[in-house]
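Single-structure report; data block below.
The values are calculated or read from the model by the stated rules, or taken from the named source; none is laboratory data. Please read all numbers here as calculations on a predicted model, not as lab measurements. Don't worry about glycine lacking a Cβ; one is built from the backbone with ideal geometry, like all the others, and counts go over all protein chains shown.
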Amino acid sequence: MFSELKQLPPDPILGLSVKYKADTNPNKIDLGAGVYKDEDGQTPVLACVKKAETLRTANEASKAYLGSAGSALFNERINQLNLGDHNVIRENRIRTVSTPGGTGALRIAGEFINSCRPGATIWVSNPTWANHQGVFTAAGLKVETYPYYDYENKCLDFPSMIAALKQIPKDDVVLLHACCHNPSGMDPNAEQWQEIAAVAKDVGFLPVVDMAYQGFGAGLDEDAYSVRLMADAVDEMILCSSCSKNFGLYRERIGACSIIGKDATAADIIQSVLLRVVRVNYSMPPAHGAALVETILGSDELSAEWHGELAEMRDRINGMRQLLVDKLTENGVTRDFSFITRQNGMFSFLGITPEQVQRLQEEYSIYIVGSSRISIAGISPSNADYLAKSIAAVL
Ligand code: LMR
């Protein structure tokens, strides 16, 4: 049976990390996966996470099964983090399961949708995260795209986006990035979000909001504005969130899939289907990451420390945006790259050609996703000059 298999290409994002690790050039730079790095190129465990781990080791009483929804306390606290004091929580209309990372949340959302409406169509932005298409296709959905990014003017193409959303058939599904759009870094502003929410309500499509970078844009509440607004506007929606980036818990695989129904009775039915989807998939989520997040969110002291550490990561990335623009100018690049400072979150789209991306990798050991997405977190004061010089050379 296995002899029928054909070799597949490496994953466009994870495959880069493998190549980067194997590269022996001392000047190599990893701008591939969306993983935070400090000035020394390290991804250390957050101090608040270390403290939560010490507490967990001391207090953990059992490793017995938790059930398909995972930790109830985590689910409650992540709802508060994502939605604040929202009506959908007070009205008991939301059901959350903790999932193996944000990708796990998306896959569960896809399979949940497929059990409601087999083969439903989900519309994703063009461009979108390189794995969205694969995850939703694997869950049995049909994937279509709506316009999002204006490649020429390096900004959001809002008129085309909103016009396309108005044409989406009722009961189709639309994937939206809550903040820090991956890969473009360009987000709708508050007024544009209001328009998107109004269209979702009028048209009747199901919004699935992917929030993988809460806290990396303007702040925790600011970044969740779109989610809370959408939950105000529509009766039903799905939120997929991740603790990989904001808690630095990448390898622990902790995220959440939250489904909002029109009332508490509908939400109970949703829960029964959600639990079944999880049970036949991986039975139940890993517990460690959830325990750390619930400990941090349940402690004023650890939460304050986490807010500080998150702000530090956000500020460092924003500083590196400006530094790269300055270094490009210093190195004689005349093309306007100032758009880099107007983008949010971990990523920027450089807008260079696939050949130039390839040359950066082959000649300069600079690893960038093929779409010319760079993870700004991989830039530091010590490599920015080499990076700018290399970009200048390939331009
Ligand atoms: C990314 O977009 O680089 C991250 O979300 C990591 C991943 O899993 O692709």
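Examine region 9-27 for a residue that is outside any helix (DSSP H, G or I), buried (at least 19 other Cβ atoms within 10 Å of the Cβ) and touching a Phe, Trp or Tyr at 6+ places or on another chain (Cβ under 6 Å), and state whether such a residue exists.
Among the residues of region 9-27, not one is outside any helix (DSSP H, G or I), buried (at least 19 other Cβ atoms within 10 Å of the Cβ) and touching a Phe, Trp or Tyr at 6+ places or on another chain (Cβ under 6 Å), which makes the answer no.
Quick one: K142 ticks every box in (1) over 16 Å from the mean Cα position of the chain (by Cα); (2) under 21 Å from T265 (Cα atoms) bar one, so which box is it?
Only one criterion is unmet by K142, namely (2).
Inspect region 76-95 for any residue being surrounded by fewer than 21 Cβ atoms within 10 Å (Cβ to Cβ), among the β-branched types (V, I, T) and under 21 Å from D223 (Cα atoms) and give the result as yes or no.
Within region 76-95 (the criterion being surrounded by fewer than 21 Cβ atoms within 10 Å (Cβ to Cβ), among the β-branched types (V, I, T) and under 21 Å from D223 (Cα atoms)), the answer is yes, since at least one residue qualifies.
For region 28-40: of the residues being in a loop (DSSP other than H, G, I, E, B) and within 16 Å of the ligand (Cβ to nearest atom), which is surrounded by the fewest Cβ atoms within 10 Å (Cβ to Cβ)?
Residues of region 28-40 that are in a loop (DSSP other than H, G, I, E, B), as a first pass: 28, 31-40.
Within this subset, residues satisfying the condition of being within 16 Å of the ligand (Cβ to nearest atom) are 31-37.
Values: L31: 24, G32: 24, A33: 19, G34: 24, V35: 16, Y36: 25, K37: 21.
Residue satisfying both the conditions and the ranking: V35.
Which of the residues belonging to region 22-66 are of a type in the set (F, W, Y) and touching a helix residue (DSSP H, G or I) at 6+ places or on another chain (Cβ under 8 Å)?
Y36 - this is the single residue of region 22-66 that is of a type in the set (F, W, Y) and touching a helix residue (DSSP H, G or I) at 6+ places or on another chain (Cβ under 8 Å).
Could you grab me the full set of residues in region 221-235 that are part of a loop (DSSP other than H, G, I, E, B) and either at pLDDT below 95 or more than 28 Å from P286 (Cβ to Cβ) (or both)?
Listed by number, the residues that qualify are V234, D235.
Tally the residues that are over 14 Å from E362 (Cβ atoms) and among the hydroxyl-bearing types (S, T, Y), restricting the search to region 3-23.
First, pick out the residues of region 3-23 that are over 14 Å from E362 (Cβ atoms): 3-15, 17-18, 21.
Subsequent filtering for residues that are among the hydroxyl-bearing types (S, T, Y) retains 3, 17.
Count: 2.
Can you tell me which of G219, G204 is surrounded by fewer than 18 Cβ atoms within 10 Å (Cβ to Cβ), away from the ligand (no atom under 16 Å from the Cβ) and within 24 Å of A377 (Cα to Cα)?
Unique residue meeting the criteria: G219.
What pairs come out if I take residues in region 305-329 that are aromatic (F, W, Y) and pair them with residues that are buried (at least 20 other Cβ atoms within 10 Å of the Cβ) whose C-beta lies under 8 Å away, six or more apart or interchain?
W306/L46; W306/C48; W306/F247; W306/I296
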